[in-house]
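The values are calculated or read from the model by the stated rules, or taken from the named source; none is laboratory data. Values in this document were obtained by computation on a predicted structure and should not be read as measured data. Positions of Cβ are backbone-derived with ideal geometry, glycine not excepted, and every protein chain shown enters the neighbour counts. These area figures cover heavy atoms from the full protein model, side chains too; ligands, DNA and RNA do not enter into them. Shrake-Rupley method; radii C 1.70, N 1.55, O 1.52, S 1.80 Å.
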Amino acid sequence: MSVLFVTGTGTEIGKTVTTAAIAAAACAQGRSVAVLKPAQTGVGPDEAGDAAEVERLAGAVTTLELARFPEPLAPATAALRAGLATVGPQEIAGAAAKLAASHDLVLVEGAGGLLVRFDADGHTLADAARLADAPVLVVAQAGLGTLNVTALTALALRTHGLRCAGVVIGSWPAAPDLASRCNLSDLPDAAGAPLLGVVPEGSGTLPPAAFRAAAPGWLAPALGGSGPLDLPV
């Protein structure tokens, strides 16, 4: 795949760190990587956003942010409150295609979940992924409740005619409970797609060199990982 959209089953579940891990693994293979953030919310004009965080962790990647809104809200609402123009699916898909022309891999990191509104017409990341004809990776939580929201996200993907590339657990706890351990085998059934990664909690706080060295081990080969996914128990 040359373009991969990254969404989540919610907010603050590890989308950015997962995106950085995939980027780091691809860079380790000598591939050129671009990271597209269609709408960055909750960050001021002079603050580092998610794309900059991916670059800090993963290394030499091209980054592009299409819009930035100061309040931590859904992009459509944040744009309206700030009096700024929204970003639509055509713009997102067009930017992804342009980056794909000069990079081996383009990672498009969404805002929140799959159906968060990007503009006043109700367009979402799913609309952009459909225009880009790109698969979507789902980043999910580890513990209780994740099966339902993962299944709902997978259902939404199918409804929009999109392929779920797989699921990555964005923050695997150091002391997993019973639900988390069971979810390792149950998440693929909920998503109808394979489990392609397990990112340890706190990975984003690692020094960049340590992050880049460890990232391939968190991912399955389909995401540029180093081998069979060694699932924690």
Considering only residues that are in contact with a helix residue (DSSP H, G or I) (Cβ under 7 Å, 6 or more places away or on another chain) and either open to solvent by 20 Å² or more (accessible area, probe 1.4 Å) or at positive phi (or both), which ones fall in region 23-33?
Cys27, Ala28
Can you find, within region 39-52, the residue that is farthest from Thr16 (Cα to Cα) among those that are part of a helix (DSSP H, G or I) and open to solvent by 30 Å² or more (accessible area, probe 1.4 Å)?
Ala52
Determine if region 54-66 includes at least one residue that is open to solvent by 20 Å² or more (accessible area, probe 1.4 Å), farther than 28 Å from Arg31 by Cβ and at pLDDT 95 or above.
no
Are any of the residues in region 225-233 open to solvent by 10 Å² or more (accessible area, probe 1.4 Å), farther than 26 Å from Leu105 by Cα and touching a Lys or Arg at 6+ places or on another chain (Cβ under 7 Å)?
yes
Identify, by number, the condition in (1) free of Cβ contacts under 8 Å to residues at least 60 places away in the same chain; (2) over 13 Å from Gly14 (Cβ atoms); (3) surrounded by 21 or more Cβ atoms within 10 Å (Cβ to Cβ) that Val198 doesn't meet.
(2)
Options Thr11, Thr16; residue that is of a type in the set (Val, Ile, Thr) and either touching a Lys or Arg at 6+ places or on another chain (Cβ under 9 Å) or part of a helix (DSSP H, G or I) (or both):
Thr16
Criterion first (closer than 12 Å to Lys37 by Cα and at pLDDT below 95) does Ala111 satisfy it?
yes
Condition first: open to solvent by less than 40 Å² (accessible area, probe 1.4 Å), part of a loop (DSSP other than H, G, I, E, B) and in contact (Cβ under 8 Å) with a residue 24 or more places away in the chain. Can you find one or more residues in region 80-89 that meet it?
yes
Odd one out for Ala97 among (1) over 18 Å from the mean Cα position of the chain (by Cα); (2) modelled with pLDDT of 95 or more; (3) open to solvent by 30 Å² or more (accessible area, probe 1.4 Å):
(1)
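Table: residues versus (1) within 30 Å of Gln90 (Cα to Cα); (2) in contact with a helix residue (DSSP H, G or I) (Cβ under 7 Å, 6 or more places away or on another chain); (3) surrounded by fewer than 19 Cβ atoms within 10 Å (Cβ to Cβ).
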| residue | (1), (2), (3) |
| --- | --- |
| Pro135 | yes, no, yes |
| Ala140 | yes, yes, no |
| Gly161 | yes, yes, yes |
| Ala165 | yes, no, no |
| Val168 | yes, yes, no |
| Ser171 | no, no, no |
| Thr205 | no, no, yes |
Criterion first (closer than 28 Å to Pro216 by Cβ and touching a residue at least 24 places away in the same chain (Cβ under 8 Å)) does Ala93 satisfy it?
no
Among the numbered criteria (1) open to solvent by 30 Å² or more (accessible area, probe 1.4 Å); (2) touching a residue at least 40 places away in the same chain (Cβ under 8 Å); (3) closer than 19 Å to Leu125 by Cα, which one does Leu36 miss?
(1)
Considering every residue within region 11-22, establish whether at least one is modelled with pLDDT under 95, open to solvent by 60 Å² or more (accessible area, probe 1.4 Å) and hydroxyl-bearing (Ser, Thr, Tyr).
yes
Total residues in region 102-133, condition among the small types (Gly, Ala, Ser), open to solvent by 60 Å² or more (accessible area, probe 1.4 Å) and more than 19 Å from Glu65 (Cβ to Cβ)
1
